């Protein structure tokens, strides 16, 4: 199914691209269509998931059944983000759409967190939308194949735009598509976003408003704000470079601004909610704080980053030594590197080559974190909260495009080109020998290092023979020899990063998880590493823990009340007796079988090495406390809550004045779907209803359809005051930023549709024959 969908979507894309953007020969189209199969074929052809989802069997309760599913050891736990973030987010997006909601809220992680506003869930990403036609396991393979395909198509088109031959452009496309940057990060949103960079550069080169608008829109909806910053900066730099010889500068600048503004307006539905919540996240505050601190970088880090760019496995291997592994995001292999150097020597007078060389040097310095580049970026707004080493993906693109220039020649390549290949081979051999012991220190198997060295040597030998071919132009056999050399290097060095997981092993059900009631008023938790956070999402369960790039800062502050001794960044729980877990509505917990239930807990079931417990003191997610403590100081609030033992008795409400008051009496009946709470309340005296959803900005409350104020309870949750009488209370997550952004995006889309329709009609009328005069 994933294979069929990939072939349909990719073929349709090629057809449209060929007709309206860049003509392709049939052979070039077939090669671009086939390139993703270098890495994804085993998953596509056998209906398997593409990613590190076997990691799940490293923790309970799935580890109890590891042998039953044929699991021996995790293939590559560097891919853990796919298991704990990306797939659970996509599952929750699908659930929201199935419930008839826009996917704004994720109730399954961190006692509720933003979904669309984190951008990486990317509900408007066309690839994710198309992938909804597939079961989620197969969608992972389809998405990876499409990311590789777009990287190949856009890079090929840019090389053609730079007047490289079609054969040479295929070399550039192959080099970038199969680079280490793409091979590893294809399962992350930022790889998807980086594929738009060659598309944006092509649009800038053509001064095309339509293409630039489409490219920028794709960049935004692909859903990685950090990469959006990096790609836009490179695109602007190229635009400024192009203006040097542009005789119509004002028109070019106007086109660029118009395209940027149009893309922003089209994607306001995505951008405005993200901008609204950014300052509320712990991650943003933490990165901003780190950026202000003086930093030093050991010489070893420079050596490791630089070495990993050029030498196979210098910084380890992701699937063997993730703790030691250096991303090496600029790594493209010696064949591509040799062709890039040839291009610099042969075509340095070409404007495009000079730009690519400058882009390469600057992105490499950022990737390697070399001062003063690293120092400068740490002091620039936005860059100071970004992981700028990911500029290395831009360096990989620059090297690949330069390789495209180096792969074209007429009348045979000069002897100097072959000498460059021999020199690189000689230097690589020396570097391989000198770093052999260092890489053994990273616990790399010597057989793996030997295979990498053979792949590099084989590729350079193939390239050397290719450069000896004579003729008016590089024949197809010569280009194929170069492509074989690149593919051989990349498969040997990066072909083992991703496992292919059977659907049977993709979040399988086990007895204890099946026994947990799916009650929308209560949550679950687990001790230690059990029930890995966010995995509960895949089973219709909601966890108080989470693993996210957008953690609500006030919620993080409450963690001192329920997981103060956490040792992992997903806030693992080790003490089930803490009263705040009752407040969070934690009714069930998975623990090791050897763990005895604390007071208020009872054993529900045991299965193999795992145990399911029930909390008899869990408070429903919507309740009416007895006493309200109004506080004006966050520190005082946290101090008093840390001493509390019964959160059903007292709730703390943020206020300007300090006081204590009896809460009113009310009987409530609650129905919940997603982020919607429908509450029927019989209130005998005015009362505050507390809802234990994280109080991210964007919650709205209505009493009898009249909007009322939402208060913040227990530092990070919701409270609504309801007056005496019978009332219907509706609480929903619907941020103003989303409502405004949605209106802007729809209005912009309609305006563009009208403009295009008018232009098409106007063009058609011009084509009509003029009737002769009587």
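What follows draws every value from the coordinates through simple rules; no lab data is involved. Everything quoted here is computed from the prediction, not taken from an experiment. A quick note on method: Cβ atoms are made from the backbone with ideal geometry, for glycine too, and the neighbour counts reach across all protein chains shown.
For the stretch 505-615, the relative contact order is 28 percent, taking Cα pairs closer than 8 Å that sit 6 or more residues apart in sequence and dividing their mean separation by the residue count. Sorting 309-319, 454-464 by average packing, meaning the other beta carbons within 10 Å per residue, from highest down gives 309-319, 454-464.
Each peptide among 96-108, 524-536 gets the average number of other Cβ atoms lying within 10 Å of its residues, and from highest to lowest they stand as 524-536, 96-108. The calculated 222 nm mean residue ellipticity attributable to helices in the chain amounts to -15500 deg cm²/dmol, summing -39500 (n - 2.57) over DSSP H runs of n ≥ 4 and dividing by all residues. Among DSSP beta bridges whose residues both lie in the stretch 505-615, state the antiparallel percentage, nearest 5. Percentage antiparallel, nearest 5: 65. Within the chain, DSSP assigns beta bridges of which about 85% are antiparallel (rounded to the nearest 5). Between residue 375 and residue 253, what FRET efficiency follows from the Cβ-Cβ distance if R0 is 35 Å, with the result rounded to 0.05? Efficiency, from the Cβ-Cβ distance: 0.70. Fully extending the segment from residue 630 to residue 46 would add 204.2 nm, taking 0.36 nm per residue of separation and subtracting the current Cα-Cα distance. So between residue 740 and residue 655, what do we pick up on full extension, going 0.36 nm a residue minus the alpha carbon distance? Fully extending the segment from residue 740 to residue 655 adds 27.7 nm. Ranked by the mean number of other Cβ atoms within 10 Å of their residues, highest first, the peptides 131-143, 161-173 fall in the order 161-173, 131-143. Within the set (1) 28.5; (2) 29.8; (3) 26.6, the number that Kirkwood radius over Cα pairs in Å takes when calculated for this structure is listed as (1).
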